[in-house]
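I have placed the structure first, in the form of structure tokens, so that the comments after it can refer back to it.
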Amino acid sequence: MDMHDPFLNLAKMGFGNWAQTPLKGDASSRRFIRLAYGTGQTAIAMHTPGDLIQSQNAFEMLTNHLRAQGLSAPEIFAQDMDAGLMVLEDLGPTDLATHIAQHPDQEITLNQAAIDIIAALHAKPAPATLKALTADVAIEMLDPFFEFYAADLSATKQQAITQAFHPLLASTLQIPMSLALRDYHAENLIWRDAKTGLDRIGVLDFQDAILAPSEYDLASLLRDARRDVCEAIYRDGVTYFAHKTGQHQDTVHQRCAVLGVQRNLRILGIFARLAKRDGKPGYLDFIPRVKNYIFADLTHPTLSPLAKVLHPILHETPNA
């Protein structure tokens, strides 16, 4: 083992005798190991490199906040901030994406359980220190799209996109904000079948949370870049969330469409960056699905000015 491996610090943290099994990472440079001891004790070791240390601080703050709100974020058992190392509660081995793939007949049930969490956050206070999503911030978040996915786009066409999109975002974001976990998709949600109520869903990967409309996370769940969500399931999720929050489903659908396009344009850029810059070409496989979600959301009448600009651009750039 590399003597500089930060996971060596686990021994000093009291976990030296626990068996270690590396886990699949996310799109960041964080690393994860499942720890096991004896006949049943498990935990998750998470290493956050130094350039992401702020996200580790945010993770700690948001973990405490979510747990105080009665949601199932992982308890922090131990941490070594200098090493960027945390040992976390193991919320379970099966994420929603895996369970849905194995039990497709349960997709609506699992989606609704995940939407219950969004609805709960919709009704609960959010940390006031979080950055709020404004139209300017949302446009700025599209930088990866322009830099890595549509790198050859002229300044005139880029300006046309932002000019068409900005007023749509400004109108959508003129509502009270809630805590949006941002990466709220099925691979970041743990299915806990033996639990009840909100405890059935364990939440992960929320260190980049912001203040935004609740539909931001709803779009993340229902326009999931990593799995196919058919239009019927999408419509069911929108209707269910509208009912849970006392809103009209047309209003929820419109917000989801606007925020879904913003999210997925950014994701096109992130995935192109991971492939081109970071040597992870597998992310290119997700791009056709992401574009299909964008095209679906652009059919909403409210987005017709943006659709006129984006359609030819997306068709001109079939690959990242």
For this session: Just name the residue that is surrounded by the most Cβ atoms within 10 Å (Cβ to Cβ) out of those in the stretch 171-193 that are of a type in the set (Gly, Ala, Ser) and over 14 Å from Asp95 (Cα atoms).
Result: Ala180
Seminar exercise, completed: Turns out the helices (runs of 4 or more DSSP H) fully within the stretch 104-218 with at least 1 residues that are under 25 Å from His311 (Cβ atoms) are 135-140, 155-172
For this session: For the stretch 106-120, state whether one or more residues are farther than 22 Å from Asp228 by Cβ, assigned by TED's automatic domain parsing to the domain that holds Ser214, surrounded by fewer than 19 Cβ atoms within 10 Å (Cβ to Cβ) and at pLDDT below 95.
Result: no
For this session: For the stretch 300-320, enumerate the residues that are loosely packed, with under 13 Cβ neighbours inside 10 Å and either under 20 Å from the mean Cα position of the chain (by Cα) or free of Cβ contacts under 8 Å to residues at least 24 places away in the same chain (or both).
Result: Pro301, Ser304, Pro312, His315, Glu316, Pro318
Exercise. Being surrounded by fewer than 23 Cβ atoms within 10 Å (Cβ to Cβ), modelled with pLDDT under 95 and under 13 Å from the mean Cα position of the chain (by Cα), is that true of even one residue in the stretch 207-218?
Worked result: yes
Seminar exercise, completed: Scanning the stretch 245-269 residue by residue, the ones that are more than 16 Å from Thr172 (Cβ to Cβ), in a helix (DSSP H, G or I) and of a type outside the set (Val, Ile, Thr) total 2
Problem set entry | Any chance Ala242 is without any contact (Cβ under 8 Å) to a residue 24 or more places away in the chain, of a type in the set (Gly, Ala, Ser) and part of a helix (DSSP H, G or I) | yes
Exercise. Residues in the stretch 255-278: is at least one exposed (fewer than 15 other Cβ atoms within 10 Å of the Cβ) and without any contact (Cβ under 8 Å) to a residue 12 or more places away in the chain?
Worked result: yes
Exercise. Does Arg277 qualify as being basic (Lys, Arg) and under 17 Å from the mean Cα position of the chain (by Cα)?
Worked result: no
For this session: Could you look through the stretch 15-53, keep only residues that are of a type in the set (Gly, Ala, Ser) and modelled with pLDDT of 90 or more, and pick out the one that is farthest from the chain's Cα centre (by Cα)?
Result: Ala19
Exercise. When both residues are 6+ apart or on different chains and their Cβ atoms are under 6 Å apart, which pairs have a first residue that lies in the stretch 123-148 and is assigned by TED's automatic domain parsing to the domain that holds Ile267 and under 27 Å from His65 (Cα atoms), and a second that is assigned to a helix (DSSP H, G or I) and among the basic types (Lys, Arg)?
Worked result: Met141/Arg266
Exercise. Can you tell me how many residues in the stretch 277-296 are over 20 Å from Lys157 (Cβ atoms) and assigned to a helix (DSSP H, G or I)?
Worked result: 11
Seminar exercise, completed: Residues of the stretch 80-98 being in contact (Cβ under 8 Å) with a residue 40 or more places away in the chain and farther than 25 Å from Thr109 by Cβ, in sequence order, are Asp80, Ala83, Gly84, Leu85, Met86, Val87, Leu88
Exercise. Of the residues that make up the stretch 46-54, is at least one surrounded by fewer than 15 Cβ atoms within 10 Å (Cβ to Cβ) and touching a Lys or Arg at 6+ places or on another chain (Cβ under 7 Å)?
Worked result: no
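The values are calculated or read from the model by the stated rules, or taken from the named source; none is laboratory data. Bear in mind the structure is a predicted one, so any value in this text is a computation, not a measurement. No Cβ is skipped: glycine too gets one built from the backbone with ideal geometry, and neighbour counts run over all protein chains shown.
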